[in-house]
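Read through the structure below, which is laid out as structure tokens, and then see the notes.
The values are calculated or read from the model by the stated rules, or taken from the named source; none is laboratory data. Predicted, not measured: the structure shown is a model, and the values here were computed from it. Ideal geometry is used to build each Cβ from the backbone, glycine not excepted, and the neighbour counts take in all protein chains shown. All accessible areas refer to the heavy atoms of the entire protein, side chains included, with ligands and DNA or RNA removed. Shrake-Rupley method; radii C 1.70, N 1.55, O 1.52, S 1.80 Å.
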Amino acid sequence: MPGVGGIEATAKIVHLRPDAKVLILTVIGDPYTLAQSILLGASGCYIYGQSPDELISNIRSLALGHTIPLPPSVKPILQKMVDNLKSYRTECAEVTNDALTARQYEVLNLLTEGMSNKQIAQVLNLEVSTVKNHLKNIYLRLGVQNRYEAIRFILDKK
């Protein structure tokens, strides 16, 4: 995509429209890139070469609010990424405890689990607009621009 990569586009779309369903369409099907996109809010992926009927089925499933099965190559990588993010929480707490409020820290923890703004709002019993406000303040305090950079911030503290 000219000007922006799929991962960055996914993060921006989910940030602007938490209810949006993002389906990654790719030729390469790099499992690391796909896993990263899923962590940032993509709802599924379609690798060119699969049947066109599968693409149509995926789009219909998303429109109905269903999940799309991940390619087998993505699952172990996604699990490893999630496990790594969880293990970095303690370190993140040391770095961010002074910088963030308790609620902002809760939001950041859920963000590292790959939750969308809507999911975070549901877990914390908040309005989506409140979650967006917390994220804006987290970004300011950590000196980052978006959820992808906030997650990178945590990973870089390793």
If each residue of separation counts as 0.36 nm, what is the full-extension length gain between LEU25 and GLU106 once their alpha-carbon separation is subtracted? 25.9 nm
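Report, in deg cm²/dmol and to the nearest 500, the calculated mean residue ellipticity at 222 nm for the chain, where each DSSP H run with n ≥ 4 adds -39500 (n - 2.57) and the sum is divided by the residue count. Present the calculation step by step, with values, prior to reporting the outcome.
Details: 9 runs with 97 residues, N = 158.
Mean residue ellipticity at 222 nm (helix-derived): -18500 deg cm²/dmol.
What area, in nm² and to one decimal, does the C-alpha convex hull of the chain cast on average over all directions? Before the final figure, lay out each step's value.
Working: hull surface 38.2 nm².
Computed as one quarter of the Cα hull surface, the answer is 9.6 nm².
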Scan the chain and report its longest stretch carrying no GluC sites (Glu not before Pro) that are both in a DSSP loop and have at most 16 other Cβ atoms within 10 Å. 1-112
Using the Karplus curve 6.51 cos²θ - 1.76 cosθ + 1.60 with θ = phi - 60°, work out ³J(HN,Hα) for each residue of the stretch 115-120 in order, rounded to whole Hz, and write x for Gly and Pro. 6, 7, 4, 5, 5, 4
Within the chain, pairs of Lys residues whose Cα atoms are less than 14 angstrom apart, provided they are eight or more positions apart or on distinct chains, add up to 7
Heavy-atom accessible area ranking, 1.4 Å probe, most first, across LEU23, LEU140: LEU140, LEU23
Which whole-Hz couplings ³J(HN,Hα) result when phi for each residue of the stretch 68-83 is put into the Karplus expression 6.51 cos²θ - 1.76 cosθ + 1.60, θ = phi - 60°, listed in order with x for Gly and Pro? 10, x, 7, x, x, 5, 7, 4, x, 5, 4, 4, 5, 5, 4, 4
